[in-house]
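One structure is given here, and the rest of the page talks about it.
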């Protein structure tokens, strides 16, 4: 009897292939009536009843109706069920490339990338001239990070179908991921020539142009994307970011508000807008924006980080630290949050925790300086031998951290200091003579040192608390004394007046520059007096400002043109030393004046840098320095009045 059953099962299978389903169903029922537990009959009958796609009317491909039935499940996201249906189809149609393509797409949707590639390759083997299979493999490889292979497959698709817009666009995206923005733009342009009304392509090209720093062209691309697709929230968002990079923060905020009208639940837009609001001095509005982002997306680490920055801007240190902690709970390796928390700790005077977090600065996505590449170990307090101390960050930071060089020297066999060449004459004059100095652009051979340490890491070992700053109290840099004396004699002449050096601009970025800087006429009017000669210490082009001050306000500021105050820092140090008092905003000048031990008055904005701490009128870094802080954001009047009172007493 078993032999008859086997024959019946084979006959049922042939009937199914010939689309004679009713006859096949009768055979299965007959078998199951006599043998209810026959597994082959049960499986065959269940397969036949579970799908209407296992018919082979003609040829080796499923019918459109069969494919549509499976596609309907795809649209519903039921990819596991789709794969089961496709397995049945492949039993009936083992040579159907379309089925393998759909199988590959379904596997990819479930994250089964290796299996997906196998499916697409099977489709290519069956139909080598099908561009879609190469395109699909490229997409999977893009997803898995095999970028070069993805580009190769997109190129294969384009050889078969040169007008394959999606392949051109995705190739551009992969080229962007590889960092080749120019090649990406070329690919996008080719796609736009074929399909000029595709908003996504214009948007992607804008992203590439923005990455190259061509903000105007990027904004034009975003605008074109929005003409095609007016509700394109992401295009509004990126355009807002681009306008911010351009320095037009107010316009950026307006653009982001438009994006929120389209998508009011877009947490990233609230976070970006909060960042922009904080930058223009609206921390309360910024905090509200970040909180809204977190209401929408509670696990948004970046929003917690930005909220912490805004709270720092309001002077709420404890709340800021808590916000950074929340960011780190969500994202434990978040270098930006660690670095910002370091600034909060240092500002509050918690140096031990602050310097510990400060080491995360090298893991940030946007580094302030390039780290040293070397096989030599990092310096530790117990390390003996020759140490390379290398520069990082700006000139002001180098000057401030240089106060620790003598202490490093005392516990090292030899010290090599790699720093900005403009500082070397000052360092060489001030520190032990056997220290070796090199320009920060010079590559130092590893056989010249046994260990290394960046300047910003010195305080971790030498400045763990406020008491440790006493080890370097007083001036630690020395000017060219003869040059300073000549400058003072020339500036004083026969007047015998007090010399007050002034500097009024600081900050690198547009927002920090606006926050720190003061109009020259405001500063000069506050300091001008009959027995005072104002001396220009401001680096950069200032002739027009000095002339306007004389013309409009009748106030003269002496400028020693022989000294380039940007490139000749040794000359600037001599000029600073020639003065009786220094009054300046937060910039390199105050660091240099403080290190020289000059009586220096620093004008600080409400949200000042971490190094000036909080609620202090002095600085542990520079004992001869006096700090004057804004009590109200943007209001310098109280600062000027306090300085005038102090200078009046000293005269």
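Model label sites at residue 34 and residue 646, defined 7 Å from Cα along the beta-carbon direction, differ in position by 10.9 nm. Counted residue by residue at 0.36 nm each, then reduced by the alpha carbon distance between them, the extension gain from residue 127 to residue 75 reaches 16.2 nm. To test your reading of the geometry: what angle, between 0 and 90 degrees and rounded to tens, separates the Cα axis of helix 97-109 from the longest principal axis of the chain? So the inclination is approximately 40 degrees. Here the contact order of segment 496-568, divided by its residue count and restricted to Cα pairs under 8 Å and six or more residues apart, works out to 33 percent.
Does anyone have the angle between helix 301-313 and the longest principal axis of the chain? Alpha-carbon axes, 0 to 90°, nearest 10? The answer is roughly 20 degrees. Using a Förster distance of 45 Å, how high is the FRET efficiency between residue 177 and residue 497, based on the Cβ-Cβ distance and rounded to 0.05? The computed FRET efficiency comes out at 0.10.
Sort 533, 237 by Cβ crowding within 10 Å, fewest neighbours at the top.
Values: 533 21, 237 24.
Neighbour counts put them in this order, fewest first: 533, 237.
With q set to 0.20 Å⁻¹, the log10 of I(q)/I(0) for segment 109-238, from the Debye formula over equal scatterers at the Cα positions, is -1.08.
For 383, 600, 80, what's the fewest-to-most ordering of other Cβ within 10 Å of each Cβ? Each step should come with its number before you reach the end.
Values: 383 17, 600 26, 80 11.
Going from sparsest to densest Cβ surroundings: 80, 383, 600.
Ordering 122, 486 by the number of other Cβ atoms within 10 Å of each residue's own Cβ, fewest first, gives 486, 122. Rounded to two decimals, the Cα-based Rg/Rh of the chain, with Kirkwood Rh, is 1.16. The share of alpha-carbon pairs in segment 481-650 lying farther apart than 20 Å comes to 49%. Rounded to the nearest 500, the 222 nm mean residue ellipticity of the chain from helices alone is -18000 deg cm²/dmol, with -39,500 (n - 2.57) taken per DSSP H run of at least 4 residues. Shape summary of segment 51-162, radius of gyration then Dmax from alpha carbon positions: 14.0, 42 Å. Segment residue 466..residue 10, full-extension length gain: 155.1 nm, with 0.36 nm per residue of separation and the alpha-carbon distance subtracted.
Tell me, what is the FRET efficiency for residue 522 and residue 245 to the nearest 0.05, using R0 = 25 angstrom and their Cβ-Cβ distance as r? Could the numbers behind the result be given before it?
Numbers: r = 29 Å, r/R0 = 1.16.
Plugging the Cβ-Cβ distance into 1/(1 + (r/R0)^6) gives 0.30.
Radius of gyration over Kirkwood radius for segment 386-472, both on Cα atoms: the Rg/Rh ratio is 0.93.
I need the calculated FRET efficiency for the pair residue 110 and residue 365, taking r as the beta carbon distance and R₀ as 35 Å, to the nearest 0.05. The formula returns an efficiency of 0.65 here. Extension gain for residue 488-residue 197 works out to 97.9 nm (0.36 nm per residue, less the C-alpha to C-alpha distance). Here the label points at residue 353 and residue 63, each 7 Å from Cα along the C-beta direction, are separated by 7.2 nm in the simple model. To the nearest ten degrees, helix 569-578 and the longest principal axis of the Cα atoms of the chain are 40 degrees apart.
Any read-out appearing in this document is the output of simple, stated calculations on the displayed coordinates, not a laboratory observation. Remember, predicted model here, so these are calculated numbers, not experimental data. Because the Cβ atoms are built from the backbone with ideal geometry, glycine has one as well, and the counts that use them run over all protein chains shown.
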